[in-house]
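So the structure is just underneath, and the comments pick up after that.
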Amino acid sequence: MSPTRRRRRRLARAGGGAGEAATGAGTSRPPLPEWRWRTLPVFAALSVGLFTGIILGSAVTGTGIAGTVVFLIVAGMLGLSVSRLLTRLLMRRGFIRPRARRR
């Protein structure tokens, strides 16, 4: 019998259920990891989601001047994130070299 199965059987006998024993005051959960929101993957996901929402929303409702301005801003965000991702990919593959930092 595996150790995890033995532990489950022991918890079930002692506390009447694994769910009650696992959520008791004696157990502590590890702290959540610190999430860095200002990173390129988060920005890329945000811009793709916004672009998709703008396209689908304008297809359903139509747009005015405000919709066109918002669309241009979101399209710029998407272009920026795609260009950064492609630049990283090209640097990783060795097609382009990173610039030396100025001092």
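The values are calculated or read from the model by the stated rules, or taken from the named source; none is laboratory data. Fair warning: this is a prediction, and the values are worked out from it, not measured in the lab. No Cβ is skipped: glycine too gets one built from the backbone with ideal geometry, and neighbour counts run over all protein chains shown. SASA here: full protein model, heavy atoms, side chains in, ligands and nucleic acids out. Shrake-Rupley method; radii C 1.70, N 1.55, O 1.52, S 1.80 Å.
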Please state which of the following conditions residue 25 fails to meet, knowing it meets all the rest: (1) surrounded by 10 or more Cβ atoms within 10 Å (Cβ to Cβ); (2) at pLDDT below 75. (1)
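Hey, could you check the range 58-103 for residues that are among the hydrophobic types (A, V, I, L, M, F, W, C) and touching a residue at least 24 places away in the same chain (Cβ under 8 Å) and say which is farthest from residue 46 (Cα to Cα)? Step through it out loud before you land on a result.
Going residue by residue through the range 58-103, those that are among the hydrophobic types (A, V, I, L, M, F, W, C) are 59-60, 65-66, 69-75, 77-78, 80, 82, 85-86, 89-91, 95-96, 100.
Going one step further and asking which of them are touching a residue at least 24 places away in the same chain (Cβ under 8 Å), we end up with 74-75, 77-78, 80, 82, 85.
Numbers: 74: 10, 75: 12, 77: 9, 78: 9, 80: 12, 82: 12, 85: 14 Å.
Applying the filter and picking the extreme gives 85.
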When residues of the range 29-57 are filtered for being loosely packed, with under 11 Cβ neighbours inside 10 Å and in contact with a Ser or Thr (Cβ under 6 Å, 6 or more places away or on another chain), how many remain? 0
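Can you say whether residue 60 is surrounded by 11 or more Cβ atoms within 10 Å (Cβ to Cβ) and in a helix (DSSP H, G or I), as far as the supplied structure shows? Talk me through it step by step, then tell me what you get.
On the way: surrounded by 11 or more Cβ atoms within 10 Å (Cβ to Cβ): no; in a helix (DSSP H, G or I): yes.
No.
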Within the range 63-103, considering residues that are farther than 23 Å from residue 39 by Cα and in a helix (DSSP H, G or I), the one most open to solvent (accessible area, probe 1.4 Å): 65
